[in-house]
């Protein structure tokens, strides 16, 4: 047993991950100093191969540094795409950086000198006309100059109006689709509301009928008691006449009055409950004012707002939909029209805006009472 163990080969140590040949090659290409160290330390390549790789890599690195040192500056502009920047405003801050291994002696934008900070960045405010604005950026150092042409396109009024028309058409299409989808739901909701109203009226009618029958029964019972006690009533003494009758007659009258008061109390309670969850026609006018205040918060110039085209729809007794449009100035002073839709509900005497759509964008969508 001892002899067999002594003849076994020792276990080879596990190869480290950073000694992987493919990793070393990738590091030699993309991060030469670290790749060079790992190649000499952990690879089993021949010394000739290692020296060739070292000399070639060092030569390429040196040539790259010399080329960068002897090159003109490199200009990078923030936010540009394929040499173009699109903006909507009449002023724009042009930013970027000018990288160079030598000192940048001059940097101009359309022949206007612009200072470059210590971190090689620059910022310059330019005024824009509608349409394309062409800017020539030139950076100079001891090795020469680098020129970059940039186009800043400011959106024209025609493009803004075309965009607004496209947004409006899209909103109208979505509104028609939404209207087509919700029309059946509204009809179904109205049908259910009518059925509930009919059921409520029927219940109220039955409740009043039951109260009348109960009062009638109590009255008949009181009459029967009066008949059965007529003999004692006829022999009533002066004190009985002075106090208004015997105790049984008083109890019957009190029971009848209590029944009437209970029926009245139930009717008043049902009316209060109905008012707590029902939006009356005169309340819709107040909801229009509230809707205008919501819409004005989204306008660029609320003071110029002119509302019109009001449409009112009732989903059920506690929910109404208000639709309309508003004309107001945009950021450029042009009058644009925007459509809106607001759905209101009443829950426990409180109004809630449960759905708000403005220019096709949904700003609120929640359940009633939340």
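The values are calculated or read from the model by the stated rules, or taken from the named source; none is laboratory data. What you see is a predicted model; the values in this text were computed from it and never measured. Here the Cβ positions follow ideal geometry from the backbone for every residue, glycine too, while neighbour counts run over all protein chains shown.
Values computed for the structure shown
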item: Every residue from region 286-306 that is surrounded by 15 or more Cβ atoms within 10 Å (Cβ to Cβ) and part of a helix (DSSP H, G or I); result: 287, 288, 291, 292, 294, 295, 296, 302
item: Elements of type helices (runs of 4 or more DSSP H) in region 1-63, at least 1 residues being modelled with pLDDT of 85 or more and surrounded by 12 or more Cβ atoms within 10 Å (Cβ to Cβ); result: 21-30, 32-42
item: Checking residue 72 against (1) out of contact with any helix residue (DSSP H, G or I) (no Cβ under 7 Å at 6 or more places or on another chain); (2) modelled with pLDDT of 85 or more; (3) part of a helix (DSSP H, G or I), the condition it does not meet; result: (3)
item: Residues within region 178-196 that are at pLDDT 80 or above and surrounded by 14 or more Cβ atoms within 10 Å (Cβ to Cβ), tallied; result: 1
item: Of residues in region 307-333 being in contact with a strand residue (DSSP E or B) (Cβ under 8 Å, 6 or more places away or on another chain) and either without any contact (Cβ under 8 Å) to a residue 12 or more places away in the chain or not in a strand (DSSP E or B) (or both), the one nearest to residue 195 (Cα to Cα); result: 318
item: Test: residue in region 334-356 that is out of contact with any strand residue (DSSP E or B) (no Cβ under 9 Å at 6 or more places or on another chain), at pLDDT below 90, within 30 Å of residue 162 (Cα to Cα) and not in a strand (DSSP E or B); result: yes
item: Given (1) modelled with pLDDT of 90 or more; (2) at positive phi, number of the condition residue 79 does not satisfy; result: (1)
item: Which listed residue, of 163, 154, is in contact (Cβ under 8 Å) with a residue 40 or more places away in the chain and within 36 Å of the chain's Cα centre (by Cα); result: 154
item: Single residue of region 121-137 satisfying the filter (part of a strand (DSSP E or B) and in contact (Cβ under 8 Å) with a residue 40 or more places away in the chain) that is farthest from residue 152 (Cα to Cα); result: 137
